[in-house]
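Student: I have a structure I would like to understand better, so I am pasting it below and will then ask my questions one at a time.
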Amino acid sequence: MHLAPAEPEWQVVLVRWMQLCLKLALTFWIPSLIVTGDYPYTTMDPLDATVSADVSSSKRIRKREMIVNEIMSSEGVYLNRLSTLRDVYLVPIREGNILSNSEYTGQFWQLDSICDLHVKLFEELSNGFNGGDILIGKIFKDFSHFLKIYKQYLSCFAGALSKRAKLLTSNKKFIDFVHSAQQDPRCQGSSLV
């Protein structure tokens, strides 16, 4: 059985999420870079940029609300994929001793922390969003330090893929587990590899 490494779907979702964050930053946090549209060029504290009825430009409010909704939607999809990864793969592999501690760490280093981070981020976004106004800039500023975990994770990613390819040819217990886990309906056809 040969399983070729492929780009996991959660990475695609992450890239989309990062693009939306950049779009939000370019649209609302760095107004001097905006060259199109009818946005007011006023000095505005990005940490207090709330969506509320008293803002003068309804077009700007609608656009910002659409971007915030898209960020919420993307973060929800990404969190769902991370939760599936954790529930279908990480927890059973760890608790079932399918891989040794060093093999597990080599494969999934920082993923538990990444999952925890996004649970907290989604909760903050949801709490802020449910109140009508959302201080999106403040939320991302508060979490920006923690998002640096991706730099550490990605620095080890190529090595983990290489090790995973070896495990998928040499570790029968892991091969059988991955094949079985891929059948879980929560995976929606996505693979660990």
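The values are calculated or read from the model by the stated rules, or taken from the named source; none is laboratory data. Please read these numbers as outputs of a predicted model, since none were measured by experiment. Cβ atoms come from the backbone with ideal geometry, glycine included; neighbour counts cover every protein chain shown. Remember, those area values only see protein heavy atoms, side chains included, never the ligands or the DNA or RNA. Shrake-Rupley method; radii C 1.70, N 1.55, O 1.52, S 1.80 Å.
Student: Out of contact with any Leu (no Cβ under 7 Å at 6 or more places or on another chain), over 20 Å from Ser74 (Cα atoms) and acidic (Asp, Glu): does that describe Glu95?
Tutor: The answer is yes for Glu95.
Student: Still on this structure, I have one more. Any residue at all in the stretch 112-119 that's free of Cβ contacts under 8 Å to residues at least 40 places away in the same chain and more than 28 Å from Lys173 (Cβ to Cβ)? Explain how you work it out, then say what you get.
Tutor: Let us first name the residues in the stretch 112-119 that are free of Cβ contacts under 8 Å to residues at least 40 places away in the same chain, namely 112-117.
Cutting the leftovers down to more than 28 Å from Lys173 (Cβ to Cβ) gives us 117.
Checked the stretch 112-119: at least one residue is free of Cβ contacts under 8 Å to residues at least 40 places away in the same chain and more than 28 Å from Lys173 (Cβ to Cβ).
Student: Still on this model: Which one of these is of a type in the set (Gly, Ala, Ser) and without any contact (Cβ under 8 Å) to a residue 40 or more places away in the chain: Ser190, Ser155?
Tutor: Numbers: Ser190 fails: without any contact (Cβ under 8 Å) to a residue 40 or more places away in the chain.
None of the others qualify; the one that does is Ser155.
Student: Is it the case that the stretch 122-134 has a residue that's free of Cβ contacts under 8 Å to residues at least 40 places away in the same chain, touching a Phe, Trp or Tyr at 6+ places or on another chain (Cβ under 8 Å) and open to solvent by 80 Å² or more (accessible area, probe 1.4 Å)?
Tutor: If we filter the stretch 122-134 for residues that are free of Cβ contacts under 8 Å to residues at least 40 places away in the same chain, which is where we start, we get 123-124, 127-128, 130-131.
If we keep only those that are touching a Phe, Trp or Tyr at 6+ places or on another chain (Cβ under 8 Å) too, we end up with 124.
Restricting the remaining residues to those that are open to solvent by 80 Å² or more (accessible area, probe 1.4 Å) gives 124.
Yes, the stretch 122-134 contains at least one residue that is free of Cβ contacts under 8 Å to residues at least 40 places away in the same chain, touching a Phe, Trp or Tyr at 6+ places or on another chain (Cβ under 8 Å) and open to solvent by 80 Å² or more (accessible area, probe 1.4 Å).
Student: Within the stretch 109-123, count every residue that is closer than 30 Å to Asn69 by Cα and not in a helix (DSSP H, G or I).
Tutor: Going residue by residue through the stretch 109-123, those that are closer than 30 Å to Asn69 by Cα are 110-123.
Going one step further and asking which of them are not in a helix (DSSP H, G or I), we end up with 110.
Within the stretch 109-123, residues that are closer than 30 Å to Asn69 by Cα and not in a helix (DSSP H, G or I) number 1.
Student: Is at least one residue of the stretch 87-108 in a loop (DSSP other than H, G, I, E, B), modelled with pLDDT of 90 or more and surrounded by 17 or more Cβ atoms within 10 Å (Cβ to Cβ)? First the steps, then the outcome.
Tutor: Quick first cut of the stretch 87-108, residues in a loop (DSSP other than H, G, I, E, B) only: 96-100.
Those left that are additionally modelled with pLDDT of 90 or more: 96-100.
Cutting the leftovers down to surrounded by 17 or more Cβ atoms within 10 Å (Cβ to Cβ) gives us 98-99.
Yes, the stretch 87-108 contains at least one residue that is in a loop (DSSP other than H, G, I, E, B), modelled with pLDDT of 90 or more and surrounded by 17 or more Cβ atoms within 10 Å (Cβ to Cβ).
Student: Would you point out which residue out of Lys173, Lys138 is in a helix (DSSP H, G or I), surrounded by 15 or more Cβ atoms within 10 Å (Cβ to Cβ) and out of contact with any Lys or Arg (no Cβ under 9 Å at 6 or more places or on another chain)?
Tutor: Details: Lys173 fails: surrounded by 15 or more Cβ atoms within 10 Å (Cβ to Cβ).
Residue meeting the stated conditions: Lys138.
Student: Then there's this: Select, from Ala165, Ala158, Ala181, the only residue that is open to solvent by less than 30 Å² (accessible area, probe 1.4 Å) and more than 26 Å from Ile71 (Cα to Cα). If you could, list the steps in order and put the result at the bottom.
Tutor: Details: Ala165 fails: open to solvent by less than 30 Å² (accessible area, probe 1.4 Å); Ala158 fails: open to solvent by less than 30 Å² (accessible area, probe 1.4 Å).
When all the criteria are applied, what remains is Ala181.
Student: Can you name the residue in the stretch 62-81 that is open to solvent by less than 30 Å² (accessible area, probe 1.4 Å) and over 30 Å from Leu192 (Cβ atoms) and, of all such residues, is modelled with the lowest pLDDT?
Tutor: Arg64
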